[in-house]
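In what follows, a structure is listed as structure tokens, so that the remarks can point back to it.
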Amino acid sequence: MWDLFLVRLAPAVVALAVLALAVRESRRRSAAPLAPPLPATGPAPARRRYGPARLTAFLLLATVLAASDLALPGPGRETRPPPATPAEAAPPPREESLTPGEVRRAGCAPAKRRPVVRPVNPRTKAAVDRAWDRIERWLRRRAPGTYRTLGEPATPLRIARAEAAMGLRFPDGLKASLLRHDGGFPMDALHDLSDLDVIVSDWRMLCGILADGPIEAVDTWWHGKMIPFASAGDGGNQVIDARNGAVGNYYNEEGLSFDGDRGWPSYLAMLRDIARSLEKGRRLRGDRPVVRDGRLDWDLE
């Protein structure tokens, strides 16, 4: 860049040198004695006289034009590109793995801590139990095969150990549901409720993949504050965000989404919609409940 600048600056330097010589010559002539005029031999042709002021102005104009060549592009000349906008100046996406600090900030490297059993809000537990009462009542009458395979209740200590392993606290709606059934329920056409062992295993696997990926994947593809409480078996999970309790969907090719057919404001809201779908025979976000050979199934729209 500096070589190109010096090359373009050369005409201006030359012009300034010529100007200095002209001024010096003009001063020298003005100081020298005048020679006697020669006798006239005939009419002399008119001669245009350039005084020091006019010559100085002419050379100054040449200097300005030469200097302007630094900024004005011409045919065949290289031009400097315009300044980059903030978007253009942004560095390209980083491709290397996350640093240990970034893994911690992404919630995937929690500090070791002892399990702490925390009580569930009584009102939330009562509401979750009522939703499960409705589901179980329907299953006993219509799909006894599914009713018999519902998971046993999880103990408060097992829930606390899972929370400690993942470095987060389960929302009360999820905890109340695990205290009722630790997995074993086909909640829609794609997902079955996972037990605590599968929840922790899936969480560790997804955090491990995130740690080996780019920083742009954090919070868009996965985050350690997500709890994968249901599995689709094809690379997908229903998740609940431990930070706000919202229910969303994860798929390995798309990442996280809390909009659309698989999103709810809370675990309790989702469970109530499932109970209503079974009782009314209505679709659950596009999935219609059916019974085949005494077991609950869902027809995907």
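Mind checking the alpha-carbon convex hull of segment 101-300 and giving the volume per residue in Å³?
Given the Cα convex hull of segment 101-300, per-residue volume reads 107 Å³.
Per 10 Å bin, what percent of the C-alpha pairs of segment 101-207 does each bin hold, from zero upward?
Bins of 10 Å from zero give 14, 41, 31, 12, 2, 0 percent of pairs.
With θ set to phi - 60° and the Karplus curve 6.51 cos²θ - 1.76 cosθ + 1.60, what are the ³J(HN,Hα) couplings of segment 218-235 in order, to the nearest whole Hz, using x for Gly and Pro?
Values per residue, Gly and Pro as x: 5, 6, 10, 8, 6, 8, x, 8, 8, 10, x, 8, 9, 10, 9, x, 10, x Hz.
Output the relative contact order of segment 183-277, whole-number percent, from Cα pairs under 8 angstrom with separation of 6+ residues.
20 percent
Order these by the 10 Å Cβ neighbour count, fewest first: 113, 134.
113, 134
If neighbour count is taken as other Cβ atoms inside 10 Å, put 112, 225, 175 in order from fewest to most.
112, 225, 175
With label points built 7 Å along Cα→Cβ from the Cα atoms of residue 112 and residue 137, find their separation and express it in nm.
Result for the modelled spin labels: 4.9 nm.
Sorting 135, 209, 215 on the 10 Å Cβ count, fewest up front, what's the list?
209, 215, 135
What does the net charge come to around residue 190 if you take all other residues with beta carbon closer than 11 Å to its beta carbon, with K and R at +1 and D and E at -1?
Within the 11 Å Cβ shell, the charges total -3.
When we measure straight from the Cα of residue 112, which lysines land under 26 angstrom away, once same-chain ones fewer than 8 places off are left out?
175, 225
Expressed as a rounded percentage, what relative contact order does segment 118-219 have, with Cα pairs under 8 Å and six or more residues apart?
Computed over segment 118-219, the figure is 28 percent.
Say each of residue 121 and residue 204 gets a label point 7 Å from the Cα, pointing the same way as Cα to Cβ; how far apart are those two points in nm?
Reported label-point gap for residue 121 and residue 204 is 3.1 nm.
Every read-out reported here was derived from the displayed coordinates using simple, explicitly stated rules and does not represent laboratory data. Treat the numbers as computed from the prediction; the structure is a model and nothing was measured. Neighbour counts run over all protein chains shown; Cβ positions are idealised from the backbone, glycine included.
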